[in-house]
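Each value in this text was obtained by applying a stated rule to the coordinates, not by laboratory testing. All values reported here derive from a predicted model rather than from experimental measurement. Cβ placement follows ideal geometry from the backbone for every residue including glycine, while neighbour counts extend to all protein chains displayed.
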Amino acid sequence: MTSISRVEGRLKVTGAARYSADYPVDGLAEGYLLLSTVGRGTVRAIDSAAARRSPGVLAVYTHADPLPLFGGAESGVGYNWLPLRDNQVRYHGQIVGLVVAETFEQARDAAALVRVDYTAVPPRTSLRDGMPGATLPDDVNGEPALLDLLADGVASIDEALGASDAVVTATYTQPIEYHSAMEPHAAIAVWRDGYLTLYSGAQAPQLAAGTIATTVGVDPSRVHLLSPHVGGGFGNKILTWGHPVLAAAAAKALGRPVRIVLTREQTFGVTGHRSAMSQTVSLGTDRGGHLVALKHDAYASLSSGGDGFLYEAGPHTTSRYFYASPNIHVGQRLVTLDVPPQTPMRAPGPEAGSFALETAMDELAVRLGMDPIELRLRNYATTYPGRGVPWSGKHLDECYRVGAEMFDWSRRAPVPRAVADGEWLLGTGMATAAYPASRYRTTGKVRLQADGTATVSTATSDLGTGMRTVLTVVGADALGLPVDRVHAALGDSALADNPGAFASAGTASSAPAVHAAAQSAKRALLELAVTHERSPFHGMGQDKVRYERGDVVGPGRRIGFGALLGIVDLAGIDATETTALGPERERFAFTSFGAHFCEVAVNRWTGECRVRRVTTVIDAGAIVNEKTARGQIVGGVIFGIGQALLENTHLEPGTGRIANANLADYVLPVSTDVPPIDVRFLDHPDTVFNPLGARGIGELGTVGIAAALGNAVHHATGRRVRDLPITLDKLL
Ligand code: MOS
């Protein structure tokens, strides 16, 4: 297994890597967004006269003095409205103005002088209060919102539950969560001769460029988005938010480059979040612990300011495929709240869904007096429920077995609250991880250059995932070159077509495309070798020459491709290939799997919960580069620790203001919250899925962690906390 350090690691740790706000641009003007201070209503009047007179101010844009913007939600903006097009206030923190000035401080100070009068009505901020009025969507991004897979003769899931020997039913809740990427959102827009260059962190550079083109009303060929380094995205840099749209429009209007950098607090209103959820799960089994009925009904918050994208709202899908049961019911309802928009956040769906289902499974194991792993093995699914097709690769049982051994699970006390270390109650818990494996149609390009190096490229993004390193490894491997002779280019909308980095589909989509392009480049090189008249191999049959580790080899001769290109006076040769999942999509289900084991210590006096160790075993096919893959899983586990124990978004009831919109009060795991995390990758290449055998891992690591930790807390204390985060007040 290859395991190299991140190829751009030195750039990042020395500060040389440029993020979206870092580009030096001459004549840059600075924009500062003005956000609503009421939770719902209308802007009655805006007085920006004082702001306009303020030093350095170039322009103040409001709905009364708007910027020309075009298109709607379908354009790829994360809202169902466009900034400054109307006087509606949909939530606290919505964009209501933009001030552009010579300096950031001047823009910020002038923004404070804008007087906005609102007609305000109380916002809807409580998921629970809204649940009686919940709506059932037609579908949740292609998945049915309501699905009953019932055995013949069974009229309803409740009938199946009624016929069960043991039933557990419980409701699990979690608050709105924020991605909180280390790099806040920013954009720099530069127009030259009718062409726009935009520097803005994007998971999907071409999608974002297209969105900007639509919203500013120019042909997509006129927008070039650059995003070579992204300081974290986690889903929040897939769709386009107001700052690049307004930066592009303002720069066009002013004839000057404009930069808009969101403050940390502003990211909570301007960009998206994970919906708040309430999920009720009922599990019914026979005496042997075999599920006979699985019922999962979920409610998720839906922003009145961003109903265009429901994917985050699908936790119910989890119970569709985690276990085998003759009767399965899943349902997803939506509760409209006056809060900022929801958007995909790492493992949308299964992150929340697994908290509910995997906690319910633990509750069932306790009820049955059965080991939690044994319960899961008894309900092991070998075909995808409702589709009857096998998985392209599934070794989840091996994950349980290997993880149990690494973790020493067999020594676990059979009853809760049995082990203590001084004032700390100790407990262990486990949970299943699973996440759909996706692969999209993607184009890769490989260029062999006269200096003996190769460039591999595609318009995806590296948001810290290690994608640049993965593509370097794939290119080096396919070309038989050392990694230092391969350069990977990404984060640029002008590169080969790529849907972008999301849904854990990056490696599975981009690596096969680059691999195929490398094969094609080698063929083109050999063709050149025998056809170009100055080539030493000229006139030889194709069967006489071969490519070997960067060299063209023929009878009695071996020449590096760089030297050969020099001889024939070419700077380089290019090859481009497009790859996609084929008809196998009908015959198989594709999912990445894993199992988490963790130990917690809960202070018997204060309720403080510390994570002592985590073991995670992953079945995601072939691993292209182990070091960055491990980083992905460790990062996912830490993400789950945040979800489980720390993260909470506090909405002020009367105003909808997010009271903790900063990283001091929106609490994330820091180094001292993170224990040793032991990650093991099983090695079962999934060549049904793609020739490299790699499935996705970016989101998998976080699925199940909250449940595993909550289950460990129960084991330590005997207390079952069904409301995230599991804070000390809930354990006293
Ligand atoms: Mo992911 S939430 O598809 O970046």
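What the table shows:
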read-out: Point-charge dipole on Cβ atoms (K/R +1, D/E -1) for segment 442-580, about Cα centre, debye to 20; value: 340
read-out: Mean separation of Cα contacts under 8 Å (6+ apart) over length of segment 442-580, as relative contact order %; value: 35
read-out: Overall dimensions of the chain as given by Cα atoms, namely Rg and Dmax in Å; value: 27.2, 85
read-out: Nonlocal amide H pairs with Val89, under 5 Å, H built at 1.01 Å; value: Gly41, Thr42, Val43
read-out: Structure-based [θ]222 nm, the chain - -39500 (n - 2.57) summed over DSSP H runs of at least 4, per residue, nearest 500; value: -7500 deg cm²/dmol
read-out: Among the listed pairs Lys12/Lys237; Lys522/Lys544; Lys394/Lys522; Lys445/Lys544, those beyond 24 Å (Cα-Cα); value: Lys394/Lys522; Lys445/Lys544
read-out: Kirkwood Rh in Å, taken over segment 442-580 so that all alpha-carbon pairs contribute; value: 15.1
read-out: Using θ = phi - 60° and Karplus 6.51 cos²θ - 1.76 cosθ + 1.60, couplings along segment 21-28 (whole Hz; Gly, Pro as x); value: 7, 8, 6, x, 10, 5, x, 5
read-out: Of the DSSP H helices in the chain, those whose Cα atoms cover at least 15 Å axially and whose Kyte score averages 0.5 or more; value: 205-216, 242-254, 467-479, 626-641, 705-717
read-out: For segment 139-150, 3J(HN,Hα) per residue [Karplus equation, 6.51 cos²θ - 1.76 cosθ + 1.60, θ = phi - 60°, Hz, x = Gly/Pro]; value: 7, 10, 6, x, 8, x, 6, 9, 9, 10, 10, 10
read-out: Cα centre as origin, Lys/Arg/Asp/Glu Cβ charges: segment 293-448 dipole, Debye; value: 800
read-out: Radius, Kirkwood style, for segment 324-366 when every pair of distinct Cα atoms is counted (Å); value: 13.1
read-out: Residues whose placed amide H lies under 5 Å from that of Glu608, excluding near-sequence neighbours; value: Asn603
read-out: Highest average packing first - 101-113, 125-137, 189-201, 429-441, Cβ atoms within 10 Å; value: 429-441, 189-201, 101-113, 125-137
read-out: 5 angstrom amide H check on Ala589, placed H, neighbours 5+ away; value: Trp391, Ser392
read-out: Isotropically averaged projected area of segment 541-663, using the convex hull of Cα atoms (one quarter of hull area), nm²; value: 18.2
read-out: Karplus (6.51, -1.76, 1.60) ³J(HN,Hα), θ = phi - 60°, over segment 43-59, in Hz, Gly and Pro reported as x; value: 7, 7, 8, 10, 10, 10, 4, 5, 5, 5, 7, 5, x, x, 6, 9, 6
read-out: Total charge dipole magnitude, the chain, about the Cα centre, Cβ charges on Lys, Arg, Asp, Glu only, Debye to nearest 20; value: 760
read-out: Overall Cα dimensions of segment 53-198 - principal axes, largest extent first, Å; value: 75, 39, 31
read-out: Inter-centroid distance (Cα atoms) of segment 532-565 relative to segment 395-467, Å; value: 43
read-out: Charge dipole (segment 1-153, unit charges on Cβ, about Cα centre) - positive-most of Pro55, Gly39, Phe70; value: Pro55
